[in-house]
1. Output the strands (runs of 3 or more DSSP E) that fall wholly within the range 74-144 and possess 1 or more residues being crowded, with 16+ Cβ neighbours inside 10 Å and of a type in the set (A, V, I, L, M), or say none.
2. Being without any contact (Cβ under 8 Å) to a residue 24 or more places away in the chain and among the hydrophobic types (A, V, I, L, M, F, W, C) is the filter here, so list the residues in the range 95-119 that pass it.
3. Based on this model, can you work out whether SER68 counts as surrounded by 19 or more Cβ atoms within 10 Å (Cβ to Cβ), of a type outside the set (Val, Ile, Thr) and part of a strand (DSSP E or B)?
4. Could you go through the range 38-55 and let me know if any residue there is within 14 Å of ALA18 (Cα to Cα), modelled with pLDDT of 95 or more, open to solvent by 50 Å² or more (accessible area, probe 1.4 Å) and not aromatic (Phe, Trp, Tyr).
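The values are calculated or read from the model by the stated rules, or taken from the named source; none is laboratory data. Since this is a predicted model, take the numbers as computed values, not measurements. Cβ: placed from backbone, ideal geometry, glycine included. Neighbour counts: every protein chain shown. Just the protein is used for accessible areas: all its heavy atoms, side chains included, with ligands, DNA and RNA removed. Shrake-Rupley method; radii C 1.70, N 1.55, O 1.52, S 1.80 Å.
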Amino acid sequence: MDNSGNSSTREWATPVPAGVAACIGGLILIGAAVVVANDPAGSVLLGIAGALLAALGAYTLAVRPRLSVSAGAPPALSVRTITGRRTYTSEHVQRIRLLTMRRIGRRAGQLEIDVVDDGARLLVFTRWDLGTDLISVVDELRAAGFEVDDDR
């Protein structure tokens, strides 16, 4: 979890080492695609996988911080995407919900934020997006003044 230095603002993003590892892994797969050039199908599959993994790594490094919350009157959420940063005050946030579900024998969670500004949006974050346990993010959102539905 990143802290911007301001005690009233908290920020979350995928850890930098994970983004760098994805970029390096993508480059390794692209290199492997060149090495196995005598197998056209394998080379194409490795190239596509490498390009996608490198793109994922670059994306996670470009959209930092992914989510930040500022306590205040009124509290505000900022979400960073590839197209830029959007900030939503508490009046724009309709609902924040923490969902947990069982997937392949383990519990996985996601944080859903319904916002309304120029249109309705559903923002979905996972542990990968925020780089930390979602429960700690929920606790920070509550401390900032947001109401969070929790199905735990």
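1. It comes to 76-81, 93-103, 106-116, 120-125.
2. MET101, ILE104, ALA108 - these are the residues of the range 95-119 that are without any contact (Cβ under 8 Å) to a residue 24 or more places away in the chain and among the hydrophobic types (A, V, I, L, M, F, W, C).
3. Yes.
4. yes
Here is a yes/no grid of residues against (1) within 14 Å of the chain's Cα centre (by Cα); (2) modelled with pLDDT under 90:
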site	(1), (2)
VAL79	yes, no
TYR88	no, no
ARG102	no, yes
ALA108	no, yes
THR132	yes, no
LEU141	no, no
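Yes or no, residue by residue, for (1) touching a Leu at 6+ places or on another chain (Cβ under 8 Å); (2) touching a residue at least 24 places away in the same chain (Cβ under 8 Å):
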site: GLU11; (1), (2): yes, yes
site: ALA18; (1), (2): no, yes
site: GLY31; (1), (2): no, no
site: ALA58; (1), (2): no, yes
site: LEU67; (1), (2): yes, yes
site: SER78; (1), (2): yes, no
site: GLU91; (1), (2): no, no
